[in-house]
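Here's the structure we're looking at; comments come further down.
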Amino acid sequence: MRAPLVNFRRFQITAPWPLVWTVTALFLLARLLVLVVRLGATSVRHWRAWPAGALAVLAVDVYRSHGWWPHLLVLLVVAGSAGVWWWRGRDSFHRLIVLRAISVWRRLWVYRRQWHEVMSLCGLVKKYDGGEKLPRLLSVRCTYATDELVVRMPRGQNPEVYHKAARDLAYSFGTRHCRVFTGRRQGPPHRSGRLAWLLRLIDRVRFRDRPRQVWLVFIRRDPLTRIVAPLPVPARPDFAALPMGLREDLAVYSLRLLATHVLIGGATRMGKGSVIWSLLRALAAGIRSGLVRVWAIDPKGGMELSIGRPLFSRYVDDDWTRMADLLDDAVARMRARQQILRGKVRVHTPTVDEPLIVIVIDELAALLAFLPDSDIRHRVTQSLGLLLTQGAGLGVLVVAATQDPRKEIVTVRDFFPTRIALGLTERGHVDLLLGDGARDRGALADQIPLSAKGVAYVLLDGQPEPARVRFSFLTDDAIRDLAATFPAPAESQPEPVVIPPQPKPTRTNGNGRSTYRPGPPKQAAPLLPPSLLHALDLDTANGSDPR
């Protein structure tokens, strides 16, 4: 039997010593190589710290050679330059200096200092092989209202875990709201110029899909507690980005109206009018030029939309039949546009000759569920079904508001691609309006207080997580000024004129009093249906009793 390599009892090594030293040297060399690679990777990852490191080394060398005076002189020059920069370019100074300093401070003092404790208490730490796997904090980017954290999840986790722990994370880091996003919130910028091809290649790497990363947005200061003033009217409306309000990260919320229908849901006095008038304000320049035609239906007798009557090419608020006729005319206009665009384009481009038609309905439930005439209600349902299923690509769009988003009330709810959830009365209405799971992803529309009128949750393009916005508020005087400044041109197809029935002439006896003249008696209608009328006929031919 061969002797063992190592005799632990006497601690004697039978192998040759040169072999031991060779294996040990190779092992240490491999460890050193791994350490150098890790150091290089860390240096490349933290390349932004190179200038700071170089300045620190230079400051130490200058101090050893000349003392504190050069440092004081440099400090005075930097302070003076920063003051001039703040005076002449305050926006760029805040973006490049102040916000970056806040980001560094909050990364080190607020998040990094208590990261392990918070992740453990919120249940986001994974146990593996006797150790712990923590979510890794990659970056912190601060604005004046939010902190955006980029976090890499450990293996074995998915974003749903962070959605469930969002409220715990918010209160653990000293805020009240935390939004979880599974994708990058900003897309790659548009590049132009000679080096655009190189920048696009870099952006392709920077903005590539990273499934293991989540974005946590903590709301430090809620900017939506104040009323949002009306936004400036665009000189030419961009139907892919209509400015309508303010997001909770202080960015302007823009609505994509092109080739879509919009459903606005909210309880009474929660700001549905703010959404409608913000949309009309964003379209005002197109309304005046004839690029946009707004047809309005106000089943509430004009209590909401009549104040801006000059903005509308067609307007109905007092006749159910005329409301159905308006929707039928929209279907006819859509059919005619189909004949023109068939085989040429898939999405209509608005022009003055073929404008974008926007049908605004203030209370959709009144037309679909509570209209007293069943025949007219059936006409309205059919017309809306055709418009919602075929009109988006043809430039005939529907913007409707409702208080109750349930399917039995709004039967065409599922045909609205874009939905806006204002303050709702019930928890289940959130998922009915924004889709299943919207409330679990952060759309707490049932918790919006009555004082926060105009605050809503919306779905942004390319993101399954809802965003919180507040639409601008227009006073009655602002609406009147808007309607007087941007009136709609005359409609090529005028509204139908309702002619009141003429009273029948009455006969008088000469002294001004009417004389009653009985007319011929009307034939009484049978009390039995036609199929049973012959059951009472007499068999006169045989003289028998009635059958």
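The values are calculated or read from the model by the stated rules, or taken from the named source; none is laboratory data. Everything numeric in this text was worked out from a predicted model, so none of it was measured. Backbone-built Cβ (ideal geometry, glycine too); neighbour counts: all protein chains shown. Quick note on the areas: whole protein, heavy atoms, side chains included, nothing else; ligands and nucleic acids left out. Shrake-Rupley method; radii C 1.70, N 1.55, O 1.52, S 1.80 Å.
With a cut-off of 11 Å between beta carbons, the residues surrounding Val140 carry a summed charge of +3, where Lys and Arg count +1 and Asp and Glu -1. With respect to the chain, whose longest principal axis is taken over its alpha-carbon atoms, helix 17-45 is tilted by about 40°. As a fraction of the 1.4 Å probe accessible area of the stretch 102-165, surface on carbon and sulfur atoms comes out at 53 percent.
Label separation (Arg185 vs Arg342): 4.7 nm, computed from points 7 Å beyond Cα along the C-beta direction. Computed from point charges on the beta carbon alone (+1 for Lys and Arg, -1 for Asp and Glu), the dipole magnitude for the stretch 60-130 about its Cα centre is near 220 Debye.
With the full set of protein chains in place, find how many percent of the accessible area of the stretch 259-319 is carbon and sulfur; take the probe as 1.4 Å. Write out the running numbers ahead of the final one.
Working: 740 of 1610 Å².
Its accessible area is 46 percent carbon and sulfur atoms.
Scaled to the globular estimate 2.2 N^0.38 Å, the Cα spread of the stretch 69-172, given as radius of gyration, is 1.49. In degrees between 0 and 90, to the nearest 10, how far off the longest principal axis of the chain does helix 374-390 point, with axes built from Cα atoms? Rounded to the nearest ten degrees, it is 40. With a 1.4 Å probe rolled over the protein heavy atoms of all chains, the accessible area of Ile409, Ile420 falls in the order Ile409, Ile420, largest first. Using only Cα coordinates, the Kirkwood hydrodynamic radius of the stretch 111-267 works out to 18.6 Å.
Net charge in the neighbourhood of Leu368 (other residues with Cβ under 12 Å of its Cβ; Lys, Arg +1, Asp, Glu -1) is +2.
Legend: calculated FRET efficiency, Ala59 to Asp238, from the Cβ-Cβ distance at R0 = 56 Å, rounded to 0.05, equals 0.65. Judged by the mean number of other Cβ atoms found within 10 Å, the most tightly packed of the peptides 357-363, 439-445, 194-200 leads the ranking 357-363, 439-445, 194-200. Using the Cβ-Cβ distance between Ser172 and Trp50 with R0 set to 41 Å, the FRET efficiency works out to roughly 0.75. Between helix 320-341 and the chain there is an angle of about 60 degrees, using the helix long axis and the longest principal axis of the Cα atoms. The tail of the calculated P(r) for the stretch 408-455, taken as Cα-Cα distances beyond 11 Å, holds 67 percent of the pairs. Extending 7 Å from the Cα toward the beta-carbon at both Arg335 and Arg210 defines two label points whose distance is 5.5 nm. Here the chain is treated as a sphere whose radius is the Kirkwood value from Cα pairs; by Stokes-Einstein at 25 °C and 0.890 mPa s it diffuses with a coefficient of 81 µm²/s.
Order the following by accessible area, largest value first: Asp414, Asp431. Probe radius 1.4 Å; ligands, DNA and RNA are ignored. Show your work: numbers first, answer last.
Working: Asp414 90, Asp431 50 Å².
Output order, biggest surface exposure first: Asp414, Asp431.
Roughly how many Å² is the accessible area per residue of the chain, as a whole number, for a 1.4 Å probe? Walk me through the numbers before you get to the answer.
Numbers: 33690 Å² over 547 residues.
Per-residue value: 62 Å².
In the assembled protein chains, Asp476 presents an accessible area of approximately 90 Å² (probe radius 1.4 Å). Any idea what diffusion coefficient the stretch 177-243 gets from Stokes-Einstein, in µm²/s, Kirkwood Rh on alpha carbon pairs, 4 °C, 1.567 mPa s? D, rounded to a whole number, is 81 µm²/s.
Note on the stretch 329-385: with neighbouring protein chains present and a 1.4 Å probe, carbon and sulfur make up 53 percent of its accessible heavy-atom surface. In terms of Cα atoms, the Rg and Dmax of the stretch 380-422 work out to 10.5, 28 Å. Distance from the Cα centre of the stretch 289-362 to that of the stretch 422-491, in angstrom? Measuring centre to centre over Cα atoms gives 22 Å. With each label modelled as a point 7 angstrom along the Cα→C-beta vector, the Leu28-Asp414 pair spans 7.3 nm.
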